[in-house]
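Q: Quick one: structure below, then a few questions.
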């Protein structure tokens, strides 16, 4: 048995398709008694509107027949405590998402939620008025909360590890696998005393995957000496230099590129005596060091693909069981590493 449509409802009720369509969209132009009759008939036969078709017709009406691209929202949260260098990751992520969306016939529109700007309730109204059902949420420094959106209307993707309010599907970098790959590659270059320094909140956001991978590598490799991980709330030159002098790592891994100068201030040559490897090259002012490309453009692209797939399957609302898609980072060569092997 075929699913009920506006056409079949109109035929059954002997009412024009336009009137049925307007009533189901909540148009005030339809008389209340007629609208009630139409809704009762629709509910009786189990009619369900197709949100993508509705968005298509809405966009066609707005554009007066011009070329159509479905709308997606790239939502970011204003967070003053977020490190400024994190902005580059977000920009690259949105760039990749926007490019892939355009290739698939969609237009990605940015929205910023802030205390003095757009609130969640206002965003909900804007998305509904523009016929947008796909929401791509950018990484949040703190636990994000978009539970006040009417998720029965939307499909969503989060571009970081975990979101609980609501629990959406996610796409992110595979930090654990990526760091293990880096450490094994450093071992093949001849480094024997890797050390890692991390900002505690930054690693906590990733469920301590950086530190976990580092400790797993140490536990599975018989190396000269296990350098303890340096995990602090804020990066400190004094703390870093004391750690460096005490444990003497031959290669340092971290996000904070100014540590290269701190190493040199300890009268150590980079890379001849101590190597440096950046864990996120978007947080480096220049790309003059070895490091990881966390693939923000690819993360954005893959997130859009999964978001559009949900829309095409007419999947709205909070998923029953959220899944996470992880993408490995890419090693980028730079001048802060050398081979330690004797030829």
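The values are calculated or read from the model by the stated rules, or taken from the named source; none is laboratory data. None of the values given here were measured: they were computed from a predicted structure. Backbone-built Cβ (ideal geometry, glycine too); neighbour counts: all protein chains shown.
Q: Determine whether residue 207 is in a loop (DSSP other than H, G, I, E, B), closer than 22 Å to residue 329 by Cα, touching a residue at least 24 places away in the same chain (Cβ under 8 Å) and out of contact with any strand residue (DSSP E or B) (no Cβ under 7 Å at 6 or more places or on another chain).
A: So residue 207 fits the description; yes.
Q: Can we say residue 227 is crowded, with 20+ Cβ neighbours inside 10 Å, assigned to a helix (DSSP H, G or I) and at negative phi?
A: No, not satisfied.
Q: Looking at this structure, is residue 271 buried (at least 20 other Cβ atoms within 10 Å of the Cβ) and in contact with a helix residue (DSSP H, G or I) (Cβ under 8 Å, 6 or more places away or on another chain)?
A: When the stated conditions are applied, residue 271 does not pass them.
Q: Determine, yes or no, whether residue 167 is assigned to a helix (DSSP H, G or I) and either in contact with a strand residue (DSSP E or B) (Cβ under 9 Å, 6 or more places away or on another chain) or at pLDDT 95 or above (or both).
A: no
Q: All but one of (1) part of a loop (DSSP other than H, G, I, E, B); (2) outside the structural domain of residue 94 (by TED's automatic domain parsing); (3) closer than 30 Å to residue 137 by Cα hold for residue 273; state the number of the condition that does not hold.
A: That leaves (3) as the condition not met.
Q: Still on this structure, I have one more. Hey, can you tell me all the residues within the range 212-231 that are touching a helix residue (DSSP H, G or I) at 6+ places or on another chain (Cβ under 6 Å) and either in contact (Cβ under 8 Å) with a residue 40 or more places away in the chain or farther than 17 Å from residue 184 by Cβ (or both)?
A: Passing the criteria: 229, 230, 231.
Q: Follow-up. What number goes with the only condition from (1) in the same structural domain as residue 316 (by TED's automatic domain parsing); (2) in contact (Cβ under 8 Å) with a residue 40 or more places away in the chain; (3) crowded, with 17+ Cβ neighbours inside 10 Å; (4) not in a loop (DSSP other than H, G, I, E, B) that residue 124 does not pass?
A: If we test residue 124 against (1) in the same structural domain as residue 316 (by TED's automatic domain parsing); (2) in contact (Cβ under 8 Å) with a residue 40 or more places away in the chain; (3) crowded, with 17+ Cβ neighbours inside 10 Å; (4) not in a loop (DSSP other than H, G, I, E, B), just (2) comes out false.
Q: Could you check, for the range 258-266, whether at least one of its residues is assigned to a strand (DSSP E or B), in contact with a strand residue (DSSP E or B) (Cβ under 6 Å, 6 or more places away or on another chain) and either in contact (Cβ under 8 Å) with a residue 12 or more places away in the chain or not assigned by TED's automatic domain parsing to the domain that holds residue 194 (or both)?
A: no
Q: So, residue 245, is that one assigned to a helix (DSSP H, G or I), free of Cβ contacts under 8 Å to residues at least 60 places away in the same chain and under 24 Å from the mean Cα position of the chain (by Cα) or not?
A: Criteria not met by residue 245.
Q: Turning to a different aspect of this structure: Among the listed residues 189, 183, which satisfies the condition of being crowded, with 16+ Cβ neighbours inside 10 Å and either in the same structural domain as residue 127 (by TED's automatic domain parsing) or in contact (Cβ under 8 Å) with a residue 12 or more places away in the chain (or both)?
A: 183
Q: Also, I was wondering about something else. Hey, among 96, 131, which residue is outside any helix (DSSP H, G or I), buried (at least 17 other Cβ atoms within 10 Å of the Cβ), touching a helix residue (DSSP H, G or I) at 6+ places or on another chain (Cβ under 6 Å) and not assigned by TED's automatic domain parsing to the domain that holds residue 285?
A: Result of the check over 96, 131: 131.
Q: OK, next. Taking the residues in the range 134-145 that are in a loop (DSSP other than H, G, I, E, B) and over 9 Å from the mean Cα position of the chain (by Cα) as candidates, determine which candidate is surrounded by the most Cβ atoms within 10 Å (Cβ to Cβ).
A: 144
Q: So residue 302 fits all but one of (1) in contact with a strand residue (DSSP E or B) (Cβ under 7 Å, 6 or more places away or on another chain); (2) in a loop (DSSP other than H, G, I, E, B); what number is the exception?
A: Every condition holds for residue 302 apart from (2).
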